[in-house]
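Structure first, commentary second.
The values are calculated or read from the model by the stated rules, or taken from the named source; none is laboratory data. In this text, all values refer to a predicted model and were calculated from it rather than measured experimentally. Because the Cβ atoms are built from the backbone with ideal geometry, glycine has one as well, and the counts that use them run over all protein chains shown. Ligands, DNA and RNA are stripped out before the accessible areas are found, and what is left, the full protein with its side chains, is counted by its heavy atoms. Shrake-Rupley method; radii C 1.70, N 1.55, O 1.52, S 1.80 Å.
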Amino acid sequence: MSTNVFSQESAAFSLWDKIPGAIKKADYTETLRLDTQGNRTGVRKVSVPTLIPFLVENKEAKNPAVIICPGGGYALLSVDREGIEVAKWFNSIGVSAFVLKYRLPSDEIMEDKTIGPLQDAQEAIRTLRKNAEKWNLDANKIGIMGFSAGGHLASTVSTHYLDKVYDGQGEISARPDFSMLIYPVISMEKGITHNGSKESLLGKTASAELIAKYSNQNAVNENTPPTFLIHATDDQAVPVENSINYYLALKKNKVAAEMHLYQNGGHGFGLGNKGTNTDWPTACEHWLVANKILAEKSVYLFSYFKGNGEDGLHLAYSEDGYKWQSLKRDASFLTPEVGKDKLMRDPCIIKGGDGLYHMVWTVSWTDKGIGYASSKDLIHWSKQEFLPVMAHENETRNTWAPEITYDEVNKEYMIYWASTIVGKFPETQSAEDSGYNHRIYYTTTKDFKTYAPTKLLYDPGFNVIDSSILKDEKGYVMFLKDETKLPAQKNLKVAYSDKLTGPYSKASDPITGNYWAEGPTAIKIDGKWMVYFDKYRDHKYGAIKQTDKGWEDVSEKMIFPSGIRHGSVFEVPKSIFLQLMKE
């Protein structure tokens, strides 16, 4: 047998300190079922229940979790096909998973074999809730999944979670928050049940009362957790009526439920290997998202302009932050209508606390205001507005590269930009760069109807433009461009503040290399900042990535649409992205 067959189980741990209702039997030992190549296909005589953890690496939010109960007719456990493989799939969609090797019912090792598996399932759920902080789990999103007989166990704990089946249960709930039943055994009734599962759990002479109790469609009530069901119509081992009857009971009790019945697949297809049943994992993921158990997958979007910004807003997308492709065949999504020159340069888009996408942009090289519009879907936009944010300063020469940052604490938006006011900051005034001498100014708003008076946000002691501010762990980080031409800087730097409106720290040393850079926009990928910027003298777009040792230039790994000019990077739900793809 392969030496690494148990490698996934190295972190497995015992479920109980003292197994309830156990009968000690020294010669009763766990055995494996192997195929002709020596690969494990099942585990028999499980007497010591364990949990095999598969934790997702995400540490930024509490993760949903699922306990997986493999099938095998209550006579063996298909730990690999209906356990470990499924746990790895859950990890791939951001769900922590725990494979439950539950005790297989046996009079030899149990005082009451009918409750042995249920004891393990209840304790597994309680164990996850007790250790939610340690494992970074959301204690209110603990679900259970079961295949075949494991589906019977999952439906049993979903309907019998209040049963007092062992001492010392404590106050922690054993109710799953959701359940997923895959070609499940549900009923113990003659003509519909799986006889092997029934006999293993209840024995050959089970009473009518016991059969009714563990025919779980009978135990569904309004408190049964939301359920996702999968079955193949041609299942010859566990009739499809098991799922249908459970679904009808859920429907009768007004419990949220979704069922997928496939034309073919038979029994035991796991994650799906042929026919229509191969689609069920995708359907399951959609169900988890629809029920707000799993956050919807997001896609990175990049808002940008081309040329001088005459044709308006362009969008590109990426799933990894490296390969960017234009949307709408690189045509404009919104044509500029406001401002002196009716341009749409430097488009910055954020999603606000109201669920809308808010955008500001540069309307002109010489105007005293900026453009603003909002959208629910990035396709249909509100009427464009001109915001005269610098009209109060007669000597204002320009209002460039506006951005928005949302303050979640104060529930308000800060809009900020770079402007030159003639005569201000004479200590850095120079004839270079046509005499421009910028500082960063800002206003705040809660509703984009009324705005606070414009104030100075940042004076770093040099000519500064293109600031972009994001929330960081300890406060706010500002990426900015040092616009000094003599002696030449033309690089990106960083400053920090505890508050969005400052004060901000002294600007750092340059974080970009020996080239002229502008228009930084940043997003965290895998917990590290990725900063995109315009290498404008080289007519290229670049990027640097934060590392434990500093900043690494990853420009050569990037693919951008031809002619891209700077804007902003942000995330959108996949549903929004799919609508954009249709344009």
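Please give the FRET efficiency for residue 108 paired with residue 455, using the beta carbon to beta carbon distance and R0 = 60 Å, rounded to the nearest 0.05. If you can, show how the numbers build up before the last one.
On the way: r = 79 Å, r/R0 = 1.32.
Rounded to the nearest 0.05, the efficiency is 0.15.
Residues with amide H under 5 Å of residue 377's amide H, sequence separation 5 or more or different chain, H placed in the peptide plane at 1.01 Å from N; which?
Amide H neighbours of residue 377, under 5 Å, 5+ apart: none.
Summing -39500 (n - 2.57) over the DSSP H runs of n ≥ 4 in the chain and dividing by its residue number, what mean residue ellipticity at 222 nm do you reach, to the nearest 500 deg cm²/dmol? Don't skip to the answer; put the middle values down first.
Details: 9 runs with 83 residues, N = 583.
Here the helix-only value at 222 nm equals -4000 deg cm²/dmol.
Please give the length that would be gained between residue 88 and residue 58 if that part of the chain were fully extended, namely 0.36 nm times their separation in residues minus their C-alpha to C-alpha distance (nm, one decimal). Intermediate results must be reported in sequence, preceding the final value.
Values: separation 30, 0.36 × 30 = 10.80 nm, distance 1.45 nm.
This chain segment gains 9.3 nm when fully extended.
Of the peptides 138-146, 163-171, 373-381, how do they stack up when ordered by the mean number of other Cβ atoms within 10 Å, highest first? Spell out each step's value before the answer.
Details: 138-146: 23.4, 163-171: 12.4, 373-381: 16.2.
Sorting 138-146, 163-171, 373-381 by mean packing, highest first, produces 138-146, 373-381, 163-171.
What FRET efficiency do you get for residue 575 and residue 278 if R0 is 25 Å and r is their Cβ-Cβ distance, rounded to the nearest 0.05? Numbers along the way, then the final one.
Working: r = 23 Å, r/R0 = 0.91.
FRET efficiency, residue 575 to residue 278: 0.65.
Full-extension gain between residue 548 and residue 12, please, as 0.36 nm times their residue separation minus the C-alpha to C-alpha distance. Intermediate results must be reported in sequence, preceding the final value.
Details: separation 536, 0.36 × 536 = 192.96 nm, distance 3.17 nm.
In short, 189.8 nm is gained.
Of all accessible surface on region 411-486 at a 1.4 Å probe, what whole percent is carbon and sulfur? Don't skip to the end; give the middle numbers.
Values: 1750 of 3240 Å².
Solvent-exposed carbon and sulfur of region 411-486 make up 54 percent of the total.
Helices from the chain with mean Kyte-Doolittle at least -0.5 and a Cα length along the axis of 18 Å or more, per DSSP H: which?
Working: long enough: 116-130 (21 Å, -0.93).
For the chain, where a helix must reach 18 Å along its axis and average at least -0.5, there are no hits.
Shape of region 223-304 from its Cα gyration tensor (a ≥ b ≥ c, root eigenvalues): rounded if a/c is under 1.5, otherwise prolate when a/b > b/c, or oblate?
Details: a/c = 3.62, a/b = 1.42, b/c = 2.56.
Oblate.
Given a 1.4 Å probe and every protein chain left where it sits, what share in percent of the accessible area of region 1-107 is carbon and sulfur? All intermediate terms of the calculation are to be shown ahead of the outcome.
On the way: 2500 of 5020 Å².
Here it works out to 50 percent.
Using a basic spin-label model with each label point 7 Å from the Cα along Cα→Cβ, how many nm lie between residue 271 and residue 395?
Output for this residue pair reads 6.7 nm.
In region 464-545, how does Rg compare with the Kirkwood Rh, expressed as the Rg/Rh ratio over alpha carbon atoms?
On the way: Rg = 12.5 Å, Rh = 13.0 Å.
Here Rg/Rh amounts to 0.97.
Could you work out how far apart the two model spin labels at residue 223 and residue 207 are, taking each label as a point 7 Å from the Cα in the direction of the beta carbon, and quote it in nm?
Roughly 2.4 nm, to one decimal.
For region 431-441, in order, what is each residue's ³J(HN,Hα) by Karplus, 6.51 cos²θ - 1.76 cosθ + 1.60 with θ = phi - 60°, in whole Hz (x at glycine and Pro)?
6, 5, 6, 6, x, 5, 8, 7, 9, 9, 10
On a 18 Å Cα-Cα criterion, which of the cross-link pairs 424/493; 18/101; 449/499; 45/113; 481/535; 164/213 come out too long? Don't jump to the answer; show the numbers that get you there.
Values: 424/493 23 Å; 18/101 16 Å; 449/499 23 Å; 45/113 13 Å; 481/535 12 Å; 164/213 14 Å.
In this structure, 424/493; 449/499 lie more than 18 Å apart at Cα.
With viscosity set to 0.890 mPa s and temperature to 25 °C, compute the Stokes-Einstein D of the chain, Rh being the Kirkwood radius across alpha carbon pairs; µm²/s, no decimals. Can you show the working numbers first?
On the way: Rh = 27.4 Å.
My calculation gives 90 µm²/s for D.
In region 314-400, carbon and sulfur make up what percent of the accessible area (probe 1.4 Å)?
On the way: 1750 of 3650 Å².
Exposed carbon and sulfur together represent 48 percent of the surface.
What ³J(HN,Hα) values, in whole Hz, does the Karplus curve 6.51 cos²θ - 1.76 cosθ + 1.60 give for region 457-467 when θ = phi - 60°, with x put for Gly and Pro?
9, 8, 10, x, x, 8, 5, 10, 9, 6, 7
Which net charge results when you count Lys and Arg as +1 and Asp and Glu as -1 among the other residues whose beta-carbon is under 14 Å from that of residue 247? It would help to have the intermediate numbers written out before the result.
On the way: positive: 251, 252, 254; negative: 241, 258.
Every neighbour counted, the sum reads +1.
I'd like the accessible area for residue 175, computed on protein heavy atoms only with a 1.4 Å probe and all protein chains in place. Round to 10 Å², please.
The value for residue 175 is about 60 Å².
Report the full-extension gain for the segment residue 335 to residue 319: residue separation times 0.36 nm, less the Cα-Cα distance, to one decimal in nm. Please report the intermediate quantities before stating the final value.
Values: separation 16, 0.36 × 16 = 5.76 nm, distance 2.65 nm.
Fully extending the segment from residue 335 to residue 319 adds 3.1 nm.
At residue 297 and residue 366, where each label point lies 7 Å from the Cα along Cα→Cβ, what is the point-to-point distance in nanometres?
Distance between the two pseudo-spin positions: 5.0 nm.
What whole-number value in Å² describes the accessible area per residue of region 78-134 for a 1.4 Å probe?
That works out to 30 Å² for each residue.
How many Å² of accessible area per residue for region 222-361, probe 1.4 Å?
On the way: 6030 Å² over 140 residues.
Ligands and nucleic acids excluded, the figure is 43 Å² per residue.
As a test of reading the structure, rank 412, 403 by solvent-accessible area (1.4 Å probe, protein chains only), most first. Spell out each step's value before the answer.
Details: 412 40, 403 20 Å².
Largest accessible area first, the residues go 412, 403.
Just the accessible area per residue of region 397-468, please: how many Å² with a 1.4 Å probe? Write out the running numbers ahead of the final one.
On the way: 2990 Å² over 72 residues.
With the other protein chains kept in place, region 397-468 gives 42 Å² per residue.
Go through region 178-189 residue by residue and turn each phi into a ³J(HN,Hα) via Karplus (6.51, -1.76, 1.60, θ = phi - 60°); whole Hz please, and just put x for glycine and proline.
6, 9, 10, 10, 10, 5, x, 6, 10, 9, 9, 7
Skipping prolines and chain starts, which residues have an amide H placed within reach, meaning under 5 Å, of the one on residue 259, given they are 5 or more residues away or on another chain?
Amide H neighbours of residue 259, under 5 Å, 5+ apart: 229.
Compute the label zone of residue 25 within region 112-153: residues whose backbone N is under 12 Å from the point 7 Å along Cα-to-Cβ.
Only 112-113 fall inside the zone, counting backbone N under 12 Å.
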